[in-house]
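The values are calculated or read from the model by the stated rules, or taken from the named source; none is laboratory data. Since the structure is predicted, the reported quantities are computational estimates derived from the model, not experimental observations. Neighbour counts are summed over all protein chains in view; Cβ atoms, including those assigned to glycine, are modelled from backbone coordinates with ideal geometry. SASA here: full protein model, heavy atoms, side chains in, ligands and nucleic acids out. Shrake-Rupley method; radii C 1.70, N 1.55, O 1.52, S 1.80 Å.
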Amino acid sequence: MIDFEYYNPAKIVFGEHSEQKLKSLLAAYGVKSLQLVYSGDFIKALGIYDVIKDAVKELGIRFSENGNVVPNPSIDLVRELVKQGKENQVDFVLAVGGGSSIDTAKAVALGIPYDGDVWDFFEKGISPKQVLPIGVIATTASSGSETSNAAILSSGEWKLGFEDDRIIPKFAIMNPKYTVGLPAYQTFVGIADVLSHLLERYFSDEKYSDTTDYLIEGAIRALLVNADKLLKDQKDVNARGEIQWLASVAHGGFLDAGRRADWGSHRIEHELSAQYNITHGEGMAVVTVAWTKYMAEKKPWRLALLASRVFGVDSFNYSETERAYILSEKLAAFFKKLHLATSLAELKIDNKDFDAMAARATRNGKVGHYVPLDAAAIKDILKIAL
């Protein structure tokens with residue numbers, strides 16, 4: 001194991017009626033002016049909006065809101081919300097929804113106390129002097145942003161991330177019942193996103209991190225089992241609860257212990273979703289299948305290990321490289337079972353932008369840690385994905 005530090009102060013309030021704890025949570029932070037960030041009117045249909053309004057009214061909290069968040073959230077909306085927040089002297093940002101709403105709220109929490117343009121944090125990587133506290137009511141099971149120290153935003157063709165422990169939400173309320181009404185597509189791209197976060201951490205070059213290895217393998221097994229349950233019954237609240245918790249487990253930092261995760265696949269997918277505005281989870285399905293095929297030849301050992309331990313591929317019958325290819329096939333079969341694309345052709349994407357995307361991805365050097373990827377390698381992976 002390599003040296004590591006683990007820190008995650010997010011308080012998880014999980015279960016049926018967990019949203020009823022919102023009032024006491026806000027009171028604990030002495031909130032005076034709250035900004036609510038969400039996407040569309042679904043929070044009113046679910047009754048979440050009334051819970052929030054009642055809480056802020058009873059606590060005498062000044063209240064402002066914006067429900068215009070969209071997938072692959074834009075810096076333009078964040079700038080608008082930062083301006084609104086400054087005017088209302090906001091001291092707490094509450095996100096309701098999934099990763100797009102949460103990442104937007106994180107950026108707003110960075111921008112309100114800052115005198116410059118909030119995009120500076122993402123483009124220049126500057127360190128904030130102050131960050132407003134953030135709370136979350138999660139209504140999806142996907143990004144795990146409710147317990148992560150990262151936010152991803154788009155600005156035109158650029159899709160960039162920012163990491164800082166101070167943007168870890170103070171609390172995350174998770175009521176699995178809120179996810180029952182999600183469309184099948186949104187449910188399954190969320191599962192693909194959760195799996196991608198587990199795989200990025202598993203594909204490490206560290207050979208001596210057994211505890212984390214087995215934790216990730218167990219999490220992947222649990223995800224596969226509960227995905228099958230949802231394929232049979234999308235109203236299975238227990239399965240949805242398992243996956244919602246797995247989303248936070250996958251991306252809360254605990255599974256980074258003793259290893260260096262890869263993240264090459266995510267960097268490639270960010271270029272795809274920035275260029276074509278595809279859904280991140282489906283983009284990760286496509287890239288993961290292609291990346292594993294590429295790595296089967298370049299460095300198969302980690303992939304072969306996962307194929308044997310999780311998918312039962314016998315090491316006596318297959319070589320390391322063969323097991324790595326079989327893993328790619330197993331992952332492709334799983335994504336197809338979720339009715340997701342596993343090739344760029346299915347998303348009607350050709351090779352005309354490969355050079356530009358590869359150049360953007362590597363503007364600061366090679367990406368990924370398992371096998372660092374230059375622009376040529378990224379283009380090779382995108383070609384495999386066709």
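Annotations for the structure displayed:
- Per-residue [θ]222 nm for the chain (sum of -39500 (n - 2.57) over DSSP H runs n ≥ 4, rounded to 500): -15500 deg cm²/dmol
- Within the range 133-258, antiparallel bridges make up roughly 60 percent of the DSSP beta bridges whose residues both belong there.
- Cα shape, the range 140-193, gyration tensor, a/c 1.5 rule: oblate
- Table column - 3J(HN,Hα) (Hz), the range 167-172, Karplus curve with 6.51, -1.76, 1.60, x for Gly and Pro: 9, 5, x, 6, 8, 9
- Nearest-10 value in Å² for the accessible area of THR140, using the 1.4 Å probe: 20 Å²
- Of the beta bridges in the chain, as assigned by DSSP with both residues counted there, near 25 percent are antiparallel.
- When the square roots of the Cα gyration tensor eigenvalues are ordered a ≥ b ≥ c, the ratio a/c for the range 167-307 is 1.5 or more and a/b exceeds b/c, which makes its shape prolate.
- Accessible area expressed per residue, the range 187-273, with surrounding protein chains retained (probe 1.4 Å, Å²): 34 Å²
- LYS11 long-range amide H proximity, modeled H, under 5 Å: PHE171, ALA172
- Here's the picture: a label point sits 7 Å out from the Cα of TRP158 along the beta-carbon direction, and within the range 109-136 the residues with their amide nitrogen under 17 Å of it are 111, 116-128.
- Amide H partners (placed H, <5 Å) of ARG62, local residues excluded: SER33, LEU34
- Overall form of the range 241-386 per C-alpha gyration tensor (a/c, 1.5; a/b vs b/c): rounded
- With both labels modelled 7 Å from their Cα along Cα-to-Cβ, the ALA333 to TYR29 distance reads 4.5 nm.
- Share of carbon and sulfur in the accessible heavy-atom surface of the chain [1.4 Å probe, %]: 49 percent
- Pairwise centroid distance, computed over Cα atoms, of the range 243-282 with the range 67-101, Å: 22 Å
- Links that overshoot a 29 Å alpha carbon limit, given the list LYS299/LYS379; LYS170/LYS337; LYS124/LYS337; LYS124/LYS366; LYS229/LYS330: LYS170/LYS337; LYS124/LYS337
- Of the chymotrypsin sites (Phe, Trp or Tyr not before Pro) found in the range 5-39, the ones in coil according to DSSP and having at most 15 other Cβ atoms within 10 Å of their Cβ are TYR6, TYR7, TYR29.
- Taking all protein chains as shown and a probe of 1.4 angstrom, ASP213 keeps an accessible surface of around 0 Å².
- Spin-label pair GLU322/ASN351, simplified geometry with 7 Å Cα→Cβ offset, distance in nm: 3.0 nm
- Formal net charge of residues neighbouring VAL313 (Cβ-Cβ distance under 15 Å; K, R +1; D, E -1): 0
- Contour excess over end-to-end distance, with Cα ends at MET1 and ASP117 and 0.36 nm allotted per residue: 37.8 nm
- Spatially close lysines, pair count over the range 18-92: Cα under 13 Å, gap of eight or more or interchain: 5
- The order of the peptides 256-263, 103-110, 16-23 by mean Cβ neighbours within 10 Å, most packed first, is 103-110, 256-263, 16-23.
- In the set (i) 17.8; (ii) 18.9; (iii) 23.6, the label that goes with mean projected area of the Cα convex hull in nm² computed for this structure is (i).
- Between LYS298 and ALA45, the contour length at 0.36 nm per residue exceeds the alpha carbon distance by 86.1 nm.
- Annotation for the range 305-386: chymotrypsin sites (Phe, Trp or Tyr not before Pro) lying in DSSP loop with at most 11 further Cβ atoms inside 10 Å of their Cβ are PHE316.
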